[in-house]
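Please read the structure below before turning to the comments.
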Ligand SMILES: [Zn+2]
Ligand SMILES: [Zn+2]
């Protein structure tokens, strides 16, 4: 029986992207920064691994072995300036992408009985990268956004009674609203010169133009042509957002996740 486990470690550190060469930086690496300002994050790292369940111990991996490797790697970085104090970390460009790949490589094969499954590095609640050991250095970068919108769950394909029965108070004729969360995941190979797998500034611009600016503080049924005849369930919202972003982001688009409330998440990966 293979069981997956996950261990989380946090550290605080500064970075500045000062090692991205001038020509790459100025050519609009699209990292959403206009200057190399020194700034800091409370980085969060999840190491996911799996192993065979040991019938004697009831464990797959001894978590102290995971901690020894992961904390041994990351704790020296705590309260440091990554580029200046640890120039070899993440090949001198400590982006979330590079950190995820670097942590994977540093941990791989060092935890007895464990197979690495995923390293996730959060810069903050709005940006994180996943690396799953892909040999071509493909990393999945997720950006989170928020918008507030009203909607009414009502399907023209159903009778008034059926709408009322299925959607209950969400069928209220005057609508109701949510603070929606939106996660957009793109995939790309890490560019060794920039340490980045995507142009986050361009992703932001596209998502804001196509989705956030259009959806925020609107009544989805009344203000958006996409939902004039389409029931704005979160499932449909996720598919509509995918279809709005796909022509602009192309193949790099991997996932759209709509959070209606803290308890409801809806993900769409396109038609695989
Ligand atoms: Zn940063
Ligand atoms: Zn609702």
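Taken together, the values in this text are just the output of simple stated rules run on the coordinates, not laboratory data. Keep in mind that what you see is a predicted model, and the values were worked out from it rather than measured. Note that we place each Cβ from the backbone using ideal geometry, even for glycine, and neighbour counts take in every protein chain shown.
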DSSP-defined beta bridges in the chain - what % are antiparallel, rounded to 5:
95
Can you tell me, using C-alpha contacts under 8 Å and at least 6 residues apart, the relative contact order of the range 1-133 as a whole percent?
32
Suppose the chain between residue 22 and residue 213 were pulled fully straight at 0.36 nm per residue; how much longer would it get relative to their current alpha carbon spacing?
65.5 nm
Using the Cα atoms of the range 141-272 to build a convex hull, what is its mean projected area in square nanometres?
8.7
Between residue 271 and residue 229, the FRET efficiency computed from the C-beta separation at R0 = 30 Å comes out, to the nearest 0.05, as 0.90
Highest-fluctuation residue, 167, 227, 147 considered, GNM on the chain with Cα pairs under 10 Å
167
Under the classification rounded if a/c is under 1.5, otherwise prolate if a/b is larger than b/c and oblate if not, where does the range 1-133 fall, given a ≥ b ≥ c as square roots of the Cα gyration tensor eigenvalues?
prolate
Contour minus Cα-Cα span, residue 63 to residue 164, at 0.36 nm per residue, comes to 31.3 nm
If you take the square roots of the eigenvalues of the alpha-carbon gyration tensor of the chain and sort them as a ≥ b ≥ c, do you get rounded (a/c under 1.5), prolate (a/b over b/c) or oblate?
oblate
